[in-house]
Amino acid sequence: MNKIKINGGNKLAGTIKISGAKNSAVALVPAALLSDETVTIDNIPNISDIDALNEILTYLGAKVTRQQETIKIEARKVQNKVIPEYLSKKLRASYYFMGALLGKYKQVEIYFPGGCSIGARPINLHLKGFEALGAKIEENGNLYKIKADELIGNHIYLDIASVGATINIMLAAVKAKGITVIENAAKEPEITNVATFLNNMGAKITGAGTSEIRITGVDYLGSGFAEVIPDRIEAGTYIIAGALIGDNLKIDNIIPEHVESLLFKLKEMNVKMDINSDNVIIYKSDHLKGVNIKTQVYPGFPTDLQQPITTLLTQANGKSIIEETIYENRFQNIPYLIQMGANINIKDNNAFIDGPMILKGSNVSATDLRAGACLILAGLVANGTTEIENVEHILRGYENIIEKLTNVGANIELIEI
Ligand code: EPU
């Protein structure tokens, strides 16, 4: 068990380099199973979610070799056995083994995935997609047995533009017979990253990044290469840190277009910054203005940055309202912000923030990954010392967060307890 200790108040200056995107990498690694040759994925982030996926791959008999940011996976002779609950529960993205193994072997047995407790997070749309391709599903408690005699392309409409369902159906459909069309597909950049990888192995996917994805089934997937895109949520988190306590803080190796909704909000708040082709430099900002934010699917404001930006809004002048539309339970960070001195009221899926309030260091807990990021930001701006428990959630998704923040001047350390 670890906790994070922060002595707040230091200004942040220098450069933070953004790592590969967690939510791309966690799909690319299971997608590798579909290939019958060796595939290479570059710019893999060093986070515990990737370790958990590698454990599942190794359990299935795939050969995984990792050298720094590069991972090679050879999954020609995989044993398609039941993926036990202790492995599937380690992370949300274990559900991508459903699509990948179903696509390759027409059969998969796996337990319900884990991940952050931020809402019910059903997988009904994933299952509906598999069924539309011809699979039969048996549910036995948390165990899912998904089997098809043959997978046949179909027209699938997603009731919600779900990232997970879109990728999972793509994985199941790449080797199906005929054409699959996913309507109301999610448009997040991570989906394009996965589609490009599959195409590189020989798949025929068009339209990724739009709401209509068309997949023409192929018989064989061979060697392929993917470069994980920069993590737009990690980038957004540090850009928010810059707006909060930055003084010439450069967030490097980003794709600004992927964080456009955040950058527009920050401009509206009067944050001083320069946006360049692959970086953003944030200067010291005074007199921040409160704004209203509604979380939406891409390219709208991402739910994953909603909790981090709440800390910034506590430091802005006037009222702000956050409306969370994706998850039912993504305000678990707010009681801790209130404990630190913030003035926030929650009503249904809205949080009303009145600022600016001086935050004071406190003992808090990371209930989930992005709640943890919110509390780190709060600790950095607060007076005094903040100690955060349950930091395993944070380490699942932010590579070297302690080192990255220390290098730009933060007083932050990981303590073993
Ligand atoms: N939904 C359903 N049925 C489904 C699938 C989704 O009702 O079958 C609902 C969910 O309950 C939720 C909404 O649709 O209300 C969005 O769910 P989505 O499937 O898009 O989310 P996800 O695939 O489970 C991914 C990321 C999340 C990120 C969301 C939205 C991964 C592994 N996770 O989750 O990342 O919040 O997309 O962008 O890619 C995080 O990184 O902190 C995180 C939670």
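The values are calculated or read from the model by the stated rules, or taken from the named source; none is laboratory data. All values derive from a computational prediction rather than experimental measurement. All Cβ positions, glycine included, derive from the backbone under ideal geometry; neighbour counts span all protein chains shown. Accessible surface is based on the protein model in full, side chains and every heavy atom, while ligands, DNA and RNA are left aside. Shrake-Rupley method; radii C 1.70, N 1.55, O 1.52, S 1.80 Å.
Among residues of segment 119-135 that are farther than 13 Å from M98 by Cα, those with a beta-carbon under 6 Å from a residue that is in a loop (DSSP other than H, G, I, E, B) and near the ligand (Cβ under 9 Å from one of its atoms) at least six positions away or on a different chain give the pairs G119/Y327; G119/E328. Across segment 1-19, the number of residues qualifying as under 30 Å from T192 (Cα atoms) and in a loop (DSSP other than H, G, I, E, B) comes to 2.
Does E183 fit the bill of being farther than 27 Å from T303 by Cα and either touching a Cys at 6+ places or on another chain (Cβ under 8 Å) or more than 13 Å from the ligand (Cβ to nearest atom) (or both)?
On the way: farther than 27 Å from T303 by Cα: no; either touching a Cys at 6+ places or on another chain (Cβ under 8 Å) or more than 13 Å from the ligand (Cβ to nearest atom) (or both): yes.
No, not satisfied.
Within the set N23, N7, the sole residue that is under 15 Å from the mean Cα position of the chain (by Cα), closer than 29 Å to N407 by Cβ and open to solvent by 10 Å² or more (accessible area, probe 1.4 Å) turns out to be N23. Filtered by the rule that a residue be of a type outside the set (G, A, S) and at pLDDT below 95, segment 248-286 gives K284, D286.
Quick check on segment 20-44: of everything there that is assigned to a strand (DSSP E or B) and of a type in the set (A, V, I, L, M, F, W, C), which residue is nearest to the ligand (Cβ to nearest atom)?
Going through segment 20-44, the residues assigned to a strand (DSSP E or B) turn out to be 20, 38-42.
Right, trim to of a type in the set (A, V, I, L, M, F, W, C) and you get 39, 41.
Numbers: V39: 20, I41: 16 Å.
Looking at the filtered set, the residue picked out is I41.
Restricting attention to segment 54-89, the residues being crowded, with 19+ Cβ neighbours inside 10 Å, farther than 19 Å from H126 by Cα and within 16 Å of the ligand (Cβ to nearest atom) number 2. The set of residues from segment 263-285 being surrounded by 15 or more Cβ atoms within 10 Å (Cβ to Cβ) and part of a helix (DSSP H, G or I) comprises L263, K265, L266.
Does G209 count as more than 30 Å from R232 (Cβ to Cβ) and surrounded by fewer than 22 Cβ atoms within 10 Å (Cβ to Cβ)? Judged against the criteria, G209 is not a match. Inside segment 136-171, residues that are away from the ligand (no atom under 14 Å from the Cβ) and touching a residue at least 60 places away in the same chain (Cβ under 8 Å) make up a count of 3.
Given the structure, is K187 open to solvent by 10 Å² or more (accessible area, probe 1.4 Å) and touching a helix residue (DSSP H, G or I) at 6+ places or on another chain (Cβ under 9 Å)?
On the way: open to solvent by 10 Å² or more (accessible area, probe 1.4 Å): yes; touching a helix residue (DSSP H, G or I) at 6+ places or on another chain (Cβ under 9 Å): yes.
Spelling it out, K187 is indeed open to solvent by 10 Å² or more (accessible area, probe 1.4 Å) and touching a helix residue (DSSP H, G or I) at 6+ places or on another chain (Cβ under 9 Å).
Quick check on segment 93-135: of everything there that is within 11 Å of the ligand (Cβ to nearest atom) and basic (K, R), which residue is most open to solvent (accessible area, probe 1.4 Å)? Here the residue is K128. If you go through segment 323-353 and pick out every residue that is in contact with a strand residue (DSSP E or B) (Cβ under 8 Å, 6 or more places away or on another chain) and open to solvent by 50 Å² or more (accessible area, probe 1.4 Å), you end up with 11.
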